[in-house]
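Computed from the coordinates by the stated procedures, all read-outs in this text should not be read as laboratory data. All values derive from a computational prediction rather than experimental measurement.
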Amino acid sequence: MKTNIIITILLVFISINICAQDNKLYIYWPDFDKDETICGYVDSNGEIVIPAGKYADIFTAEFDKVAIVKIKGKKEFYAIDRNEKVLFQVFNFGMGPDIISNGLFRIIENGKIGFANMNGEIVIKPRFQFVYPFQENGFAIFCENGTWSMLDKYIPVIKGKWGAINRQGVIVIPATYDSGAEDYLIKDGKSYKLNKQGKLELKQN
């Protein structure tokens, strides 16, 4: 009996401790079936913190330090902090805001692209004309001095010179390649894939 009481007390203590540490906000919908864009945030107790409909749309399910939202009257996506201060504009990934890849997502400032994390910190200052998300190998392919046109609504065709950066924003492959994709570079009709050591390997078709 005594053991059961001790276990119960411990479970209650653990539960209270977890709730005390959980200061995240969670997305909620008043009527998801009717309109999934009308949503807001509640705390762990279910209390409304950001009313549904305040933002045109919300893209972060658990709001810890940063949430990505669409502000009413604007086409762009933005990252906000817990005080709802706009931190930076988030790159448009076609149908929505940029995906979080390897803990980072792309942001835009003065027409240039860089990277931020979900702590609200700019990790790589926006300075690239175009850059793909970071891949599993820890590198991102970028373009400079390029021009592009749209084949259709979502697919850009980009010219210019291409290279690669690491997660610190250091250029590990200079922009001397003819073209690029998410995880490889092209030169003289040959494709080269970047390995985890930052070395290029001829891609086998």
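How much length is gained if the chain between ASP31 and ASN137 is pulled fully straight, taking 0.36 nm per residue apart and subtracting their Cα-Cα distance, in nm to one decimal?
Details: separation 106, 0.36 × 106 = 38.16 nm, distance 4.13 nm.
Between ASP31 and ASN137, full extension yields an extra 34.0 nm.
Report the extension gain between ALA61 and LYS187 in nm, rounded to one decimal, defined as 0.36 nm multiplied by the number of residues separating them, less their alpha carbon distance. Don't skip to the end; give the middle numbers.
Details: separation 126, 0.36 × 126 = 45.36 nm, distance 4.11 nm.
Additional length available on full extension: 41.2 nm.
Could you tell me whether the stretch 63-151 comes out rounded, prolate or oblate from its Cα gyration tensor? Rule is a ≥ b ≥ c as square roots of the eigenvalues, rounded for a/c under 1.5, then prolate if a/b exceeds b/c, otherwise oblate. Numbers along the way, then the final one.
Working: a/c = 1.87, a/b = 1.32, b/c = 1.42.
Taking the square roots of the gyration eigenvalues as a ≥ b ≥ c, the stretch 63-151 is oblate.
Among the aspartates and glutamates, which have Cα under 19 Å from the Cα of LYS112 when same-chain residues fewer than 8 positions away are ignored?
GLU76, ASP98, GLU121, GLU144, GLU182
Given the pairs LYS34/LYS75; LYS75/LYS196; LYS125/LYS199; LYS65/LYS125; LYS65/LYS193, which span a C-alpha to C-alpha distance of over 30 angstrom in this model?
Over 30 Å Cα-Cα: LYS75/LYS196; LYS65/LYS193.
What lysines could a cross-link reach from LYS72, if we take a straight Cα to Cα line under 16 Å and drop same-chain neighbours fewer than 8 places away?
Reachable lysines: LYS54, LYS85.
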